[in-house]
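The values are calculated or read from the model by the stated rules, or taken from the named source; none is laboratory data. All figures in this text were calculated on a predicted structure; none of them were measured in a lab. Neighbour counts are summed over all protein chains in view; Cβ atoms, including those assigned to glycine, are modelled from backbone coordinates with ideal geometry.
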Amino acid sequence: MPYYLGKRPQGDWVLFGSPCTPTRETHGHLYACAQGPFRSSLAARWFNRYGWGNPHVCTVADAERLAREAAMENPIVEQWLFEETITAQEREELYAFEAYEQGVDRLVEHDRRGQPILIQADAELIPA
């Protein structure tokens with residue numbers, strides 16, 4: 001499915017997939033305009049973050065090529081590439097784990113400020 005970047009009325013750009021070319025009739029209620037189509041969400045994400053105004057990006061094919069090259073050097077783009085290769089179930093589990101880790105990080109940050117940590121560990125003690 002082709003991927004597009006849609007500009008919402010708030011002014012931000014969001015990634016969306018659509019089997020048909022976005023038009024005012026099909027997507028006008030969601031987006032003011034759309035950029036694409038991109039063959040991969042990786043290229044669309046890369047273009048949204050690094051491609052605007054980049055003189056090396058003249059076509060969508062340029063964005064595809066540069067996104068794949070950037071994945072070798074940039075950990076953010078490498079993560080996007082990884083997310084493209086896993087199944088929807090694995091992606092859901094990954095996001096759930098990341099949300100859990102962020103929650104723990106927030107609790108640790110609260111503890112640094114002198115507030116108690118309220119984490120209940122799901123661990124089993126193994127005798128030595």
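A single member of Leu30, Leu5, Leu66 is part of a helix (DSSP H, G or I) and among the aliphatic types (A, V, I, L, M), and it is Leu66. In the set Gly51, Gly28, only one residue is under 17 Å from the mean Cα position of the chain (by Cα) and free of Cβ contacts under 8 Å to residues at least 24 places away in the same chain; that residue is Gly51. Is there a residue being at pLDDT 85 or above, surrounded by 14 or more Cβ atoms within 10 Å (Cβ to Cβ) and part of a helix (DSSP H, G or I) anywhere in segment 81-91? Taking every residue of segment 81-91 in turn, none turns out to be at pLDDT 85 or above, surrounded by 14 or more Cβ atoms within 10 Å (Cβ to Cβ) and part of a helix (DSSP H, G or I). Condition first: more than 16 Å from the chain's Cα centre (by Cα) and without any contact (Cβ under 8 Å) to a residue 24 or more places away in the chain. Now tell me which residues in segment 60-88 satisfy that. Selection gives Ala61, Asp62, Arg65, Leu66, Glu69, Met72, Glu73.
Selection of segment 20-53 for residues being of a type in the set (D, E, K, R) and touching a Leu at 6+ places or on another chain (Cβ under 9 Å) yields only Arg45.
Would you call Ala70 surrounded by 14 or more Cβ atoms within 10 Å (Cβ to Cβ) and at pLDDT below 90? Against the criterion (surrounded by 14 or more Cβ atoms within 10 Å (Cβ to Cβ) and at pLDDT below 90), Ala70 qualifies.
Checked against the criterion of being buried (at least 18 other Cβ atoms within 10 Å of the Cβ) and either under 15 Å from the mean Cα position of the chain (by Cα) or not in a loop (DSSP other than H, G, I, E, B) (or both), segment 18-25 contains not a single residue that satisfies it.
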